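Report on one structure; see the data block that follows.
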Amino acid sequence: MEQKPSEIKTPANPLADIIRKGSIITVITLISRPIGYVREAIQAYLFGATLLVDAFIVAFNFPELIQTLFFSGATSAFLVPVCTKYIKNDTAYSEIYSTFINLSIIITLFISTIFLIFSSTITGLIAPGFSPEAKRVTQYLFIIMIPVISFHTLLSIMKAFLNAKEHFAAPEFSGILWNCVFILSALTLSSKIGIYSLAVGAALGSILQIIIQFPYIRKYNIRYRPVLSLNHPAIHEAKRLFAGALIATSIVPINSFVGRIIGSYLPAGEVASLSYAFRIFILPFSLFAVPVYTVMFSKISKLYHDKQWHDIFAHMDSSIILLCVTLIPSTVLLCTTGNECIQILYERGAFTFRDTDLTSRALLGYSTGLIFYALSISFVRIFNALHDMKTPALVGLSSIALNAILAYGLMVPFKNLGISLATSIVSLYNFVFLFMLLKKKTGYIPGHGALKEIGKSLIAGFILFFMIMGVKTVFTGKIYITLTLSLALTAVIYGFFFKDYYKGRLKRGT
């Protein structure tokens, strides 16, 4: 393990392996995200960036935060590494699948009941800066969406067991279905029940997300049974990993949620602008980072059982290269043309020029840390695959306090820009510490070839930045021309820098 990646012979072609298996996620995301933006655009058209939308966002984020904190995020982190060991034994695989499904139903139903009883108190805690009327609306929205906790938790378990089998399509496709149901609910019910139509759509969409997983669960011979095999070795391993996984995977949603709580003290519309900006920011992350670290996580989890360190390091190198080559130009595009993107996507109906300006400032803060946001989450997944939940948990815990301090301190002079910028700074902090600790734990450093490609991507990014700024100066106010030329410049510049590299890599096969 003391051998460096640059000194070892890499496996056939981990880069092509990641691209091929992750491409299905990218394709589905290319379909899902435009539908997601249609959903946001319809929401913006119907309600704008107003206090009603602020109430919906806060009400939705809390149950989403709870299930992400305690269930879906942690579940994926410890289930994939654990269940890959039993992947060739259908009986054992089905047994632990059924146990986790049954446990999640029992636990989430109990928690949902508690939330329903104390919904008024919870609303006061998650929206302390809201007026009494806004708190009342938030409470009703929250009650409608409480079932999302159970539904999303079940979906996360199904996703983990399918991902371990290297099936990624059905879980990712569920997002398309959720968006379609949300849109249908908003369009048909908004005139009757107003903002509550969004909450109804969120709950109904979550149910259908689960239903479409059943055919694929059966296809991979995963059979549900009403059992609780709490003495199975996999359950004991999961218990050992759970606490660290819970903490490590909860950091990002906690930091985001804290930022929005702090943002509730800003003028009306600021919280909504953060949400709209984050929706745009997350597009390149979903297109490029999620496929990379999802496939990498599954692959390294399998390799770790056989202690194939050469292959593990090679997959790390390839993943980092792919993240840099795709997300550095994405960062440049978001920072330079973010305002134009917001105008095209949202500026219509109740969404005014003021809302565009608010959202543009928030997007700039998020965009500066895009690559570090992706790298930090990817490194958490690497530690998870190596059955180390404690290290990313400790780093993450320290970042919560840093995020709260930065968000509050930067909010005063910069408002929503300060809150989004705090997210970027914390992402950089997480990545740096996780990288240093992974190097200490495994001896890993990127190989010479990987460092060379990262350097090329940075150079290409600087060139792209200045050329896009030149285009914006020449075509001031012409948003469609500016965006078209910016995208064309990105393709030309990065195509020139990396054409030979990818031709050579992809021709090797797997």
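Modelled label positions at Lys452 and Lys440, each set 7 Å beyond Cα in the direction of Cβ, lie 3.2 nm from each other. Please give every one of the aspartates and glutamates within straight-line cross-link reach of Lys135, meaning a C-alpha to C-alpha distance under 12 Å, and leave out same-chain neighbours fewer than 8 residues apart. Once the sequence-local aspartates and glutamates are set aside, what remains near Lys135 is Asp54. The overall shape of the range 224-325, judged from the alpha-carbon gyration tensor, is oblate: a/c is not under 1.5, and a/b is no greater than b/c. In terms of its C-alpha gyration tensor, the chain has an oblate overall shape, because the principal axis ratio a/c (a ≥ b ≥ c, square roots of the eigenvalues) is not below 1.5 and a/b does not outweigh b/c.
Every helix of 4 or more DSSP H residues in the chain counts as -39500 (n - 2.57), and over all residues that averages to -28000 deg cm²/dmol at 222 nm. Remark: the Cα gyration tensor places the range 297-449 in the prolate category, a/c being 1.5 or greater and a/b exceeding b/c. Put the Cα centre of the range 409-453 next to the Cα centre of the range 175-238 and the gap is 33 Å. Of interest is the spacing of the C-alpha centroids, which for the range 334-354 and the range 359-378 amounts to 18 Å. Loop-located trypsin sites (Lys or Arg not before Pro) in the range 284-354 (DSSP state other than H, G, I, E, B) with a sparse environment of at most 14 neighbouring Cβ atoms within 10 Å: Lys307, Arg348.
Checking the table Lys165/Lys456; Lys239/Lys307; Lys219/Lys239; Lys302/Lys439; Lys159/Lys192 against a 31 Å threshold on Cα-Cα, which pairs fail? Listed pairs above 31 Å: Lys165/Lys456; Lys159/Lys192. Charge dipole (Cα centre; +1 on Lys/Arg Cβ, -1 on Asp/Glu Cβ; no other charges) of the chain amounts to roughly 920 debye. The residues packed around Ala243, meaning those with a beta-carbon under 15 Å from its beta-carbon, carry a net charge of +1 if Lys and Arg are +1 and Asp and Glu are -1. Once C-alpha pairs closer than 8 Å and six or more residues apart are averaged by separation and normalised to the residue number of the range 51-251, the relative contact order reads 39 percent. For the range 51-251, pairs of C-alpha atoms spaced more than 27 angstrom apart make up 34 percent of the total. Here r is the Cβ-Cβ distance between His305 and Ile31 and R0 is 25 Å; the resulting FRET efficiency, rounded to 0.05, is 0.15.
For the range 327-334, backbone phi angles converted through the Karplus equation (6.51, -1.76, 1.60; θ = phi - 60°) give residue-by-residue couplings of 8, 5, x, 5, 4, 4, 4, 5 Hz, Gly and Pro being listed as x.
A short reminder: the numbers here are calculations on the coordinates, not readings from a lab. Note that the coordinates shown come from a computational prediction; the quantities given were computed from them, not determined experimentally. Quick reminder, even Gly has a Cβ in these numbers, built from the backbone with ideal geometry, and neighbours come from all protein chains shown.
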